[in-house]
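Presented below is the structure to which this report refers.
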Amino acid sequence: MNLRAYECLTVSDMTSRETVMKKIIPLGIAAALFFSITFAINRWLNFVEGGHWYWTASLRYIYTAVLISILIIVKYGFRTFSDTLRCFARYWYFWLLAGGVGFGCFYLFLCYAASYSPGWVLATTWQLTILMTPVVLWLFRDKVGTRGILYLALMFVGILLVNYHQFSNVTSEIWYSVLPIAAAAFCYPFGNTLCKFACEGKLKRFPINTESVATNVFSQVLLMVLGALPVLFVVGIIVRPSAPTNSQLYSIVIIAIFTGVIATSLLYKARQLASNAFELAAADGTQAGEPPLALFWEIVLFGATIPSAVGFTGLALVIIGIVLFYRSNIRGVSN
């Protein structure tokens, strides 16, 4: 938003945007709470119970497809469910791109990386995604603004400090974690932003906004999941993993409920409320709350070492960045 546009805003407009921001941040933080559970369960599956990382990724979306379908039918009726499937059939090529990248590739990379990193380190490094959001928006010819970039950069510095103790211990194995996480950090906002912009009518080649389910958050999640399933299937053929363990079959149901349904829907609702790049960056930036939450699970469940003063300083900077977004009013959008 430029200065001229800002000057045209009425006091009512400003108050309205402030109210929206106060909804976006809590929704995003709630999503981060449920997302953080994923890192703990993934670590438990990989290091305690075993099981191939591929099943951790694919079973989540298979379960989510079933659960979100039932939810849509119960909450909105079978017609909404059939309209959602019809939307997928009409624009399958778009959903294969958006869902295949934003859900499929994202989670495959993340689950692979979980085999090489503690959960809280994985969750912290994953916050590269908050810096990828401005990059993705730039690709779509949008921008966050200076203030938003500074807040995101502050959180990224915090991420580096949290991982400070790892820098002296860098081995080739660490890169098996870092590089997939970096890829996942780009895939997630890219796919989600494709979905958001198409449903809002900003992508003229894909008039998905004309569909009756375009504004339904649960339908959006299901469409993205359906787009991810073919990618997961192809990767399964290539990887040829051993059969999933019993622990994976049962435990990933929890991941599907907490993250695939609850957390993703909360984050999509927060992103849906965002009407400009600043607010969208704020919604994605709230996911920086995952590291301290993931660290809590690591300490409680696996007896992880409490981070040093430098690590706690990094966590503090992440939290401060979120608070700054929360305290920002409509003026923060314009500069």
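Laboratory data are not the source of any read-out in this text; all were calculated from the coordinates shown. Remember, predicted model here, so these are calculated numbers, not experimental data. Don't worry about glycine lacking a Cβ; one is built from the backbone with ideal geometry, like all the others, and counts go over all protein chains shown.
Placing R0 at 45 angstrom, the Cβ-Cβ distance between Val20 and Arg240 gives a FRET efficiency of 0.40 after rounding to 0.05.
Taking 0.36 nm per residue of separation and subtracting the Cα-Cα distance, full extension of the segment from Tyr76 to Ile306 would add 78.2 nm. Counting lysine pairs in the range 19-333 that sit 8 or more residues apart in sequence, or on different chains, and whose Cα atoms lie under 26 Å apart gives 19.
At q = 0.09, 0.12, 0.13, 0.15 Å⁻¹ the log10 of I(q)/I(0) for the range 19-333 amounts to -0.42, -0.77, -0.91, -1.22, computed by Debye summation with a single uniform scatterer per C-alpha, solvent ignored. Judged by the mean number of other Cβ atoms found within 10 Å, the most tightly packed of the peptides 260-271, 69-80, 87-98 leads the ranking 260-271, 87-98, 69-80.
The packing ranking, built from the mean of other Cβ atoms within 10 Å per residue, places the peptides 233-242, 285-294, 58-67 in the order 285-294, 58-67, 233-242, highest first. With the gyration tensor restricted to C-alpha atoms of the range 177-335, the semi-axes of the equivalent ellipsoid amount to 29, 27, 14 Å, longest first. Net length available on complete extension from Asn209 to Phe233 is 5.8 nm, with 0.36 nm assigned per residue and the Cα-Cα distance removed.
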